[in-house]
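The values are calculated or read from the model by the stated rules, or taken from the named source; none is laboratory data. Bear in mind the structure is a predicted one, so any value in this text is a computation, not a measurement. Every residue, glycine among them, receives a Cβ derived from its backbone with ideal geometry; neighbour counts consider all protein chains shown. Each accessible area value is taken on the protein alone, full model and side chains, heavy atoms only, with ligands, DNA and RNA left out. Shrake-Rupley method; radii C 1.70, N 1.55, O 1.52, S 1.80 Å.
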Amino acid sequence: MLELRSYLAGRWVAGAAAHQTLLNPATEEPLAKCASEGLDLAGALDHARRSGGPALRALSFAERGALLKAMADSLQAQRDELLELGIANGGNTRSDAKFDVDGAIATLLAYAEIGASLGARKFLVDGEGLQLGRSARFHGQHIAVARAGVAVHINAFNFPAWGFAEKAAVALLAGMPVLTKPATSSAMVAFRAVERMMQQKILPNGALSLLIGTPRGLVPLLGGQDVLAFTGSGATGAELRAARNVIEQSVRVNVEADSLNAAILGPEVEARSDMYELFLKDVVRDMTQKAGQKCTAIRRVFVPQAAAASVMDDLVELLGAVKVGNPAEEDVRMGPLASAEQRADVLRGIAELGGRRVFGAERKTGKGFFVDPALIEGPGDLVHQREVFGPVASLLAYDGDPASIVVRGNGGLVASIYAEDPQFIDQTVLAIAPWHGRIFLGHPKIELSPGPGTVLPQLVHGGPGRAGGGEELGGPRGLALYMQRVALEGARPVIQKLVG
């Protein structure tokens with residue numbers, strides 16, 4: 001059986017003791033094994049700080065961007081292999097695997113372009129210089145420089161390629177070395193991607209490390225110059241933030257956590273209209289793409305009371321056309337959940353939500369971690385607190401203003417609005433904006449719209465409250481997480497010469 005090793009301190013190393021087994025979630029066939037006991041994580045972090053960090057900071061933004069371009073080219077060259085691994089180890093349909101791998105490539109290329117646009121600089125000049133007193137020679141200027149630590153990335157199981165790339169691209173461009181830790185159950189894609197990059201010697205020594213397996217003892221090793229970026233459950237995010245060293249040394253932490261994303265149909269939208277059809281299409285796509293295992297998937301569907309019956313019937317019909325099964329079969333449109341634990345959690349969540357399950361039945365026999373899409377009508381209040389991380393959405397009828405119900409989710413990554421009435425759009429956007437990181441305004445005339453479930457590197461990704469309170473990407477804005485803003489104060493000629 002294939003053994004997945006970690007890449008630490010410039011070499012491939014295998015952990016000892018008990019191994020974890022990676023499965024094909026459609027067949028439960030063992031695919032690979034890994035272990036992390038006994039790995040020298042302190043040495044790996046020290047190597048990244050001493051070798052990777054200085055090497056990256058010595059490069060200009062344009063040169064770092066060229067590294068990202070080479071990483072994207074590496075993924076593109078092995079794209080077919082990564083897709084097959086995504087199908088086998090992630091339970092992805094081929095379309096879902098493309099969504100992951102192509103998203104990784106696109107994000108790396110986007111930040112490669114940002115690096116090229118920033119040019120020969122090695123740090124950022126933040127805003128215009130300021131005259132600080134009566135004399136024009138007394139001058140101030142803000143700059144942003146790369147932090148002198150390591151960017152530790154703990155990623156979720158659902159996007160082993162995209163999750164790795166969206167964090168690594170920003171950190172590397174900022175000038176920080178990366179230690180990336182993919183979720184163990186679906187780590188084969190990330191392992192192979194990094195393995196090929198190391199074979200090609202794309203990055204400076206120490207710029208990229210890979211930890212496969214449980215990250216025991218990793219977080220307590222972080223210090224005040226390090227950055228910890230985590231994607232996963234809110235409970236785990238809270239534990240990471242509460243770590244003693246994180247508090248005492250002010251380790252910078254970014255968390256992307258639970259999100260009860262909402263889709264809102266405007267009261268004026270007529271059945272069978274283009275806007276109505278777009279709404280239905282986006283809801284079904286978000287419920288079934290990646291088997292609903294997306295942090296941006298629609299969980300709560302808000303519809304006017306008068307349209308609730310029509311929307312329910314149409315969603316049931318569309319969901320009925322989605323074939324669930326082994327993604328190795330071409331006509332399958334939705335694969336299994338990522339693990340047995342994930343399946344058990346989803347089934348438990350469906351039961352906890354209450355209400356009436358108007359579509360979907362529980363599967364009790366056969367191999368694989370399958371769950372049918374579940375559409376729930378009239379759930380209890382837990383629908384505003386419990387994210388069921390799978391192909392599950394709740395239908396909520398509103399009468400009047402939906403915004404006051406939407407915000408009961410207490411923070412989300414994205415909300416989507418499907419309406420044409422300008423007054424309704426204005427009022428709803430402004431009412432829900434403080435609780436969301438992104439608002440998608442659906443419109444049928446937008447060509448090739450990716451829908452609300454797609455994270456774009458140009459826009460910020462994150463959200464307040466329940467969603468973790470973090471913020472990633474957003475084009476050049478994303479660099480701030482990995483940089484230190486510094487105010488320079490002194491003689492204008494000296495500062496201007498320094499900043500160019």
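Hey, could you check segment 438-450 for residues that are in a loop (DSSP other than H, G, I, E, B) and either on the phi > 0 side of the Ramachandran plot or surrounded by fewer than 20 Cβ atoms within 10 Å (Cβ to Cβ) (or both) and say which is nearest to the chain's Cα centre (by Cα)?
Of everything passing the filter in segment 438-450, 450 is nearest to the chain's Cα centre (by Cα).
Report those helices (runs of 4 or more DSSP H) wholly inside segment 188-267 carrying at least 3 residues which are out of contact with any Lys or Arg (no Cβ under 9 Å at 6 or more places or on another chain), among the aliphatic types (A, V, I, L, M) and buried (at least 17 other Cβ atoms within 10 Å of the Cβ). Walk me through it before giving the result.
Working: elements: 188-200, 234-241, 244-248.
Per the criteria, 188-200.
If a residue must be open to solvent by 10 Å² or more (accessible area, probe 1.4 Å), within 26 Å of residue 293 (Cα to Cα) and polar (S, T, N, Q), how many such residues does segment 102-136 contain?
Total satisfying the criteria: 0.
Consider segment 63-80. How many of its residues are open to solvent by less than 40 Å² (accessible area, probe 1.4 Å) and more than 18 Å from residue 205 (Cα to Cα)?
3
Can you name every residue in segment 137-151 that is open to solvent by 50 Å² or more (accessible area, probe 1.4 Å) and over 30 Å from residue 177 (Cβ atoms)?
Hits for segment 137-151 are 137, 138.
Looking at segment 1-17, which of its residues are within 23 Å of residue 51 (Cα to Cα), part of a strand (DSSP E or B) and either open to solvent by 80 Å² or more (accessible area, probe 1.4 Å) or not small (Gly, Ala, Ser) (or both)?
7, 8, 11, 12, 13
Which of the numbered conditions does residue 346 fail, given that it passes all the others? Conditions: (1) under 18 Å from residue 278 (Cβ atoms); (2) touching a residue at least 24 places away in the same chain (Cβ under 8 Å); (3) in a helix (DSSP H, G or I).
(1)
Considering segment 18-53 alone, what residues qualify as being open to solvent by 40 Å² or more (accessible area, probe 1.4 Å), on the phi < 0 side of the Ramachandran plot and free of Cβ contacts under 8 Å to residues at least 60 places away in the same chain?
Selection gives 18, 19, 21, 29, 30, 33, 40, 46.
All but one of (1) out of contact with any Ser or Thr (no Cβ under 7 Å at 6 or more places or on another chain); (2) among the β-branched types (Val, Ile, Thr); (3) open to solvent by 10 Å² or more (accessible area, probe 1.4 Å) hold for residue 283; which doesn't?
That leaves (3) as the condition not met.
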